[in-house]
1. Quick check on the range 179-208: of everything there that is small (Gly, Ala, Ser) and open to solvent by less than 70 Å² (accessible area, probe 1.4 Å), which residue is farthest from LYS145 (Cα to Cα)?
2. Under 7 Å by Cβ, and 6 or more places apart or on different chains, what pairs join a residue from the range 108-129 that is over 14 Å from VAL149 (Cα atoms) with one that is buried (at least 22 other Cβ atoms within 10 Å of the Cβ) and among the charged types (D, E, K, R)?
3. Is there any pair with a first residue in the range 167-182 that is closer than 19 Å to PRO18 by Cβ and a second that is open to solvent by 20 Å² or more (accessible area, probe 1.4 Å) and in a helix (DSSP H, G or I) whose Cβ atoms are under 6 Å apart and which are 6 or more apart or on different chains, and what are they?
4. Checking the conditions here, which among ILE13, ILE60 is touching a strand residue (DSSP E or B) at 6+ places or on another chain (Cβ under 7 Å) and either of a type in the set (A, V, I, L, M, F, W, C) or crowded, with 17+ Cβ neighbours inside 10 Å (or both)?
5. Here's a check for you: in the range 113-133, which residue that is more than 16 Å from the chain's Cα centre (by Cα) and either open to solvent by less than 30 Å² (accessible area, probe 1.4 Å) or hydrophobic (A, V, I, L, M, F, W, C) (or both) is farthest from SER97 (Cα to Cα)?
6. Could you tell me which of the residues GLY95, GLY104 is open to solvent by 60 Å² or more (accessible area, probe 1.4 Å) and within 24 Å of VAL6 (Cβ to Cβ)?
7. Which of the following residues is surrounded by 16 or more Cβ atoms within 10 Å (Cβ to Cβ), within 27 Å of VAL152 (Cα to Cα) and without any contact (Cβ under 8 Å) to a residue 60 or more places away in the chain: CYS70, CYS32?
8. For ASP160, work out the one condition from (1) touching a Gly at 6+ places or on another chain (Cβ under 8 Å); (2) closer than 14 Å to TYR124 by Cβ; (3) acidic (Asp, Glu) it doesn't fulfil.
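The values are calculated or read from the model by the stated rules, or taken from the named source; none is laboratory data. Just so we're clear, the structure is a prediction, and the values are computed from it rather than from any experiment. Neighbour counts run over all protein chains shown; Cβ positions are idealised from the backbone, glycine included. For the accessible areas, the whole protein counts, side chains as well, though only heavy atoms, and no ligand, DNA or RNA atoms are used. Shrake-Rupley method; radii C 1.70, N 1.55, O 1.52, S 1.80 Å.
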Amino acid sequence: MAFYPVVEKFVSINGEGPKAGLISAFIRMKGCNLSCNYCDTSWANEENCPCTWFSTEDIIVWLTGEQVSCVTLTGGEPLLVPEISELISAIGSSGISVEIETNGSVFLEPFTHIEPRPAFTMDYKCPGSGMESFMELRNFSLLEKEDTVKFVVSDSDDLDKARQICLRYQLGSRCHIFLSAVFGRIEPAQIVDYMISHHWNDAHLQLQMHKFIWPPDLRGV
């Protein structure tokens, strides 16, 4: 039986993406292979970060008890956790919708064959993150209508790169597109102005809803 290094699990509203505002369970896995300079969950990536090892059965029992219809697997980078496919399949087979938040560096192909197929919310790390060179570009051909590409932008250069990527891979007709601001580096209004001036009609501005409801650095929400 597989066990997974969980640093926190909780039920809250989904603060981002197509399911923003909906109740969801969140399971955050320990560890990440990237180190974005704006990361707001870097504590979960530290080697000495405490975690609890939950089995697949443990997690299913918890989700069933919480009576949720959606779960988000996040991190860190959940797709690097050994045997994570077993957990994704088990949750989906229990009737709960699975969303995976992934950082864009992990090849998605092995996980697209899981039935029922999970929805992927995949980052593309723009130049301002310091991690763009790690992006797995083959993933763009694997995305479907229920999937999302998220661009966290620091400045106009990041916006230019995000738009170039969307045009190059025709993401507007393939999946959802969300733009999110790095707090303190760019104002959301600047993103809106950019979207309007470039007639970027298939992108969504995203504000992290949970950070308006609770203190921005509060965990477990």
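1. Of the range 179-208, the ones small (Gly, Ala, Ser) are 180-181, 184, 189, 197, 203.
After this cut, where a residue has to be open to solvent by less than 70 Å² (accessible area, probe 1.4 Å) as well, the list is 180-181, 189, 203.
Numbers: SER180: 20, ALA181: 24, ALA189: 27, ALA203: 14 Å.
My answer is ALA189.
2. PRO118/GLU99; PRO127/ASP158; GLY128/ASP158
3. ALA181/PRO188
4. Values: ILE60 fails: touching a strand residue (DSSP E or B) at 6+ places or on another chain (Cβ under 7 Å).
One residue alone meets the criteria, ILE13.
5. Of everything passing the filter in the range 113-133, GLY128 is farthest from SER97 (Cα to Cα).
6. On the way: GLY104 fails: open to solvent by 60 Å² or more (accessible area, probe 1.4 Å).
Among GLY95, GLY104, only GLY95 is open to solvent by 60 Å² or more (accessible area, probe 1.4 Å) and within 24 Å of VAL6 (Cβ to Cβ).
7. Working: CYS32 fails: without any contact (Cβ under 8 Å) to a residue 60 or more places away in the chain.
Matching residue, one of CYS70, CYS32: CYS70.
8. Unmet condition: (1).
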